[in-house]
1. I'd like to check something: does segment 125-141 contain any residue that is touching a residue at least 12 places away in the same chain (Cβ under 8 Å), polar (S, T, N, Q), over 19 Å from ALA44 (Cα atoms) and open to solvent by 50 Å² or more (accessible area, probe 1.4 Å)?
2. How many residues does segment 63-82 contain that are open to solvent by less than 20 Å² (accessible area, probe 1.4 Å), part of a strand (DSSP E or B) and farther than 18 Å from ARG27 by Cα?
3. Just checking, which of ALA85, ALA60, ALA91 is open to solvent by 30 Å² or more (accessible area, probe 1.4 Å) and in contact (Cβ under 8 Å) with a residue 60 or more places away in the chain?
4. Of everything in segment 14-31, what is open to solvent by less than 70 Å² (accessible area, probe 1.4 Å), farther than 20 Å from VAL129 by Cβ and in a helix (DSSP H, G or I)? Give them in sequence order.
5. Give the residue that is most open to solvent (accessible area, probe 1.4 Å), with candidates limited to residues of segment 94-104 that are over 25 Å from LEU43 (Cβ atoms) and in contact with a helix residue (DSSP H, G or I) (Cβ under 8 Å, 6 or more places away or on another chain).
6. Within segment 125-144, which residues are hydroxyl-bearing (Ser, Thr, Tyr) and assigned to a loop (DSSP other than H, G, I, E, B)?
7. Please find, within segment 105-124, the residue that is most open to solvent (accessible area, probe 1.4 Å) out of those that are touching a Ser or Thr at 6+ places or on another chain (Cβ under 8 Å) and not in a strand (DSSP E or B).
8. Exactly one condition in (1) closer than 21 Å to ALA36 by Cα; (2) open to solvent by 70 Å² or more (accessible area, probe 1.4 Å); (3) touching a strand residue (DSSP E or B) at 6+ places or on another chain (Cβ under 7 Å); (4) not hydrophobic (A, V, I, L, M, F, W, C) is false for GLY54; which is it?
Amino acid sequence: MPPLPDADAATRSFMLDWLERFSGHVREVDYAAARALMHPRVLAFGTHRDVIEGVETWIATQWDNVWPRTADFRFDLAATRVLAAGDGSLAVVVAPWSSTGFGSDGKPFDRPGRATLVFHRSSDGWLCVHSHMSLNRGVSQTSHGNRPVKAR
């Protein structure tokens, strides 16, 4: 059986940096900055929605339901896998992540999950064209944090 098509060092480095930037935008609840990392017609699904098309719909139906209600989001870069097409046009990132949720009493709880992100590279650079983020089994989908949105 052939090995998985691991990304070259430059692609892996770019993707890990992308994950760090995106994580920072989630922690800051900065939709405006995160929007620039996505294809405008990105296909996404996660805890709160089935497949949706478009970053604006994703913001309204997923990000708004999660980012302000949680804290401390970050990817586990050491455990992240980055695969890439031989021609350098597509990359796939598989990454566990962690965050903090809040019970109705305000008590924090661990909120781990995992993500698969697909990227396409064009003359404009890499953009995320698909995202699937989901919580690990048994983790409460409800969080009662209430942080302000920095930028829409």
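The values are calculated or read from the model by the stated rules, or taken from the named source; none is laboratory data. Not measured: the values here are computed from a predicted model. Cβ: placed from backbone, ideal geometry, glycine included. Neighbour counts: every protein chain shown. Just the protein is used for accessible areas: all its heavy atoms, side chains included, with ligands, DNA and RNA removed. Shrake-Rupley method; radii C 1.70, N 1.55, O 1.52, S 1.80 Å.
1. Here is the first cut: in segment 125-141, the ones touching a residue at least 12 places away in the same chain (Cβ under 8 Å) are 126-136, 139-141.
Restricting the remaining residues to those that are polar (S, T, N, Q) gives 131, 134, 136, 140-141.
Those left that are additionally over 19 Å from ALA44 (Cα atoms): 140.
In the following step, the residues that additionally are open to solvent by 50 Å² or more (accessible area, probe 1.4 Å) were identified as 140.
Yes, the conditions are met somewhere in segment 125-141.
2. 1
3. Numbers: ALA60 fails: in contact (Cβ under 8 Å) with a residue 60 or more places away in the chain; ALA91 fails: open to solvent by 30 Å² or more (accessible area, probe 1.4 Å).
Among ALA85, ALA60, ALA91, only ALA85 is open to solvent by 30 Å² or more (accessible area, probe 1.4 Å) and in contact (Cβ under 8 Å) with a residue 60 or more places away in the chain.
4. Across segment 14-31, the qualifying residues are GLY24, ARG27.
5. Initial filter on segment 94-104 (over 25 Å from LEU43 (Cβ atoms)): 100-104.
Of the ones still in play, those that are also in contact with a helix residue (DSSP H, G or I) (Cβ under 8 Å, 6 or more places away or on another chain) are 101-102.
On the way: GLY101: 0, PHE102: 50 Å².
The extreme case among them is PHE102.
6. To start, the set of residues in segment 125-144 that are hydroxyl-bearing (Ser, Thr, Tyr) comprises 131, 134, 140, 142-143.
Matches in segment 125-144: SER140, THR142, SER143.
7. Result: PRO112.
8. (2)
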